[in-house]
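The structure appears right after this line, and notes come after that.
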Amino acid sequence: MIAPNTTPNERVSKPLPMAGAAPDDTAASCHGDLRSSAVAGEVQVNASLKALMDDYPLGAHEQPQGMCPAFGSLRVGLRMRRTATVLSGSACCVYGLTFTSHFYGARRSVGYVPFNSESLVTGQLFEDIKVAMEELADPELYDAIVMTNLCIPTASGVPLDLLPKQINGVRIVGIDVPGFGVPTHAEAKDVLSGAVLRRARLEAEEGPVARPRELIEDRPTVTLLGELFPADPMGVGALLEPMGLAVGATVPSREWRELYAALDCSVVGALHPFYTRAVREFEAAGRPVVGSGPVGVEGTVAWLEAVGRAAGVSSETTGVAVDRARAMVSKALERAPIQGRIQISGYEGSELLVARVLVEAGAEVPYVGTALPRTEWSRDDLAWLEAHGTHVQYRASLEQDIEAFKAVNPDLVVGTTPVVQAAKEAGIPGLYFTNLISARPIFGPAGAGSLGPVLMGAMQGRERLNRMKSFFSGVGHGHTAGYGFTEVPERKLNAQERNAKARGGKAVTGCSTSAPSVSGAGANRDTEARLRTKDRVKQSARAKGSIK
């Protein structure tokens, strides 16, 4: 069991146990049921789903608590120039994915191949997809078309691998991204990145390929793996420059020909450690892969030394770059110290790297939760954080993240939207990881100096949150949720019931003079044919109490 709440001055000096319970994996959802049945051997799965199960293992909980995983691959495809993106799945899923993609700034349409029960079971859906690819394949507009199967077509075994590899010179890349096969949207980015890297690698092995737009030829390059803040590649490039190296390309890429530049590197820096399939393609191309990243003083030194060894740079040259980087990062940390206890959780893949920066800046980080799995490329970060008293929870659930901040009582919670919401309701300041942390540089001197002011400013709001919590105590729970009520709401009378109440009995309408008499205050009102319209209006208004 996790420890009870502590006071703000109490500090946890040992790693936390696994906090909270996993979500109920027996509940039906598009995320877990088929995969759990496959693991148990209750159903047979196709080769595509089997590969997903091997590459993206699940943790203690089976059902992801974030957005549909396919959003990750959809986002990567929509960011690639001259690339069309097509989905096949339930209409509601396609609507939600396209809405979300355009909400996040996509400026291109998303194709859709619909289906019904008949086309699904007869195999007509595959033929419809093939026709759609043929109609869309215009070499004047596209270099590639990404065709994505969502849950139902994947579970039904629609074989995208049987599509033509190219039509009219346009590459056809088919991927399966079911919610029950890919645990997070971050790993779905790897599904597409691995697929396009594989195709680009095979093309390069067959012969000459298109020249990348900005190909660096005067020195060896380092490919960075992971979606990064736009300034980060430049900052990393400045650290590599004294070693005679340069940042070449980043993956996920923005254009097909950039994939050739990414493969034509000396070293791959797996800054985000969950790109399993992308790493496999780089290793197949004979490229060494280095984990972690240049974060903080110790992280920057270790990463530069590892890159130097992998690239064959002399120890003397690497030493010069290390000494220069150590001095710059140290000064940046001194100018932006962080004091306080901070909890980190998220689903981006950079949670461990951010935690390392905060610890070196002076913060106490007792807990880091990440929705991503444990991989070889996060091994060094895990060991470093555990040596500094941080508990790292891979495949963390919402319940675990919430129980963790209840146990350690941090000064600030940096996490996903529901975690931050729960923290603020408890009077603890919170910041959304994706919008406020991932949207800043984290590598090198820029990363060391960018987070301090934001986090320190947020921690100063705890007193204000506690005042708000006290002011709104008891509001928003049970029957007090909503506006303007202090007690249980009562049912209001409708117009007919109000009229009847005003007449002292049952409401009677019509013009029949033979209507039965009603004794009391409401006798014979509204039963006379001679009653004029304006009198009826006055009568109705009087009954409602609007005139006297």
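Could you tell me whether any residue of the range 392-411 is surrounded by 23 or more Cβ atoms within 10 Å (Cβ to Cβ), in contact (Cβ under 8 Å) with a residue 12 or more places away in the chain, within 25 Å of V289 (Cβ to Cβ) and out of contact with any Gly (no Cβ under 6 Å at 6 or more places or on another chain)?
yes
Check off (1) assigned to a helix (DSSP H, G or I); (2) touching a Gly at 6+ places or on another chain (Cβ under 9 Å); (3) under 28 Å from P183 (Cβ atoms) for A261 and give me the number that stays unchecked.
It is condition (3) that A261 fails.
Check off (1) farther than 30 Å from I428 by Cβ; (2) surrounded by fewer than 24 Cβ atoms within 10 Å (Cβ to Cβ) for V268 and give me the number that stays unchecked.
It fails just one condition, (2).
Check L271 against each of (1) hydrophobic (A, V, I, L, M, F, W, C); (2) outside any loop (DSSP other than H, G, I, E, B); (3) under 29 Å from the mean Cα position of the chain (by Cα) and name the one condition it does not meet.
Answer for L271: the failing condition is (2).
Could you grab me the full set of residues in the range 177-222 that are hydrophobic (A, V, I, L, M, F, W, C) and assigned to a helix (DSSP H, G or I)?
Of everything in the range 177-222, those that are hydrophobic (A, V, I, L, M, F, W, C) and assigned to a helix (DSSP H, G or I) turn out to be A186, A188, V191, L192, A195, V196, L197, A200, L202, A204.
Results for (1) closer than 25 Å to P453 by Cβ; (2) at pLDDT 95 or above; (3) touching a helix residue (DSSP H, G or I) at 6+ places or on another chain (Cβ under 8 Å), shown as yes or no for each residue.
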| site | (1), (2), (3) |
| --- | --- |
| E298 | yes, yes, yes |
| A306 | no, yes, no |
| A311 | no, yes, yes |
| V320 | no, yes, yes |
| A327 | yes, yes, no |
| L333 | yes, no, yes |
| P337 | yes, no, yes |
| I342 | yes, yes, yes |
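Sort through V196, V191 and tell me the only one that's crowded, with 22+ Cβ neighbours inside 10 Å, in contact with a strand residue (DSSP E or B) (Cβ under 9 Å, 6 or more places away or on another chain) and within 18 Å of R257 (Cβ to Cβ).
One residue alone meets the criteria, V196.
Scan the range 68-105 for residues that are assigned to a loop (DSSP other than H, G, I, E, B) and either free of Cβ contacts under 8 Å to residues at least 24 places away in the same chain or closer than 19 Å to G226 by Cα (or both) and jot them down.
Result: P69, R79, M80, R81, Y104, G105.
Within the range 294-399, which helices (runs of 4 or more DSSP H) (wholly inside it) include 3 or more residues that are outside the structural domain of P410 (by TED's automatic domain parsing) and of a type in the set (V, I, T)?
296-311, 315-335
L333 passes all but one of (1) touching a Pro at 6+ places or on another chain (Cβ under 6 Å); (2) over 30 Å from L52 (Cα atoms); which number fails?
With respect to (1) touching a Pro at 6+ places or on another chain (Cβ under 6 Å); (2) over 30 Å from L52 (Cα atoms), L333 is out only on (1).
Filter the range 449-478 for residues that are aliphatic (A, V, I, L, M) and within 16 Å of I342 (Cα to Cα) and give the result.
Residues satisfying the conditions are L451, V454, L455, M456, A458, M459.
Where residues in the range 199-242 are under 29 Å from L74 (Cβ atoms), among the β-branched types (V, I, T) and without any contact (Cβ under 8 Å) to a residue 60 or more places away in the chain, which of them is surrounded by the most Cβ atoms within 10 Å (Cβ to Cβ)?
Only one residue tops the list, namely T221.
The values are calculated or read from the model by the stated rules, or taken from the named source; none is laboratory data. Note that the structure is predicted; figures quoted are calculated from it, not measured. Neighbour counts run over all protein chains shown; Cβ positions are idealised from the backbone, glycine included.
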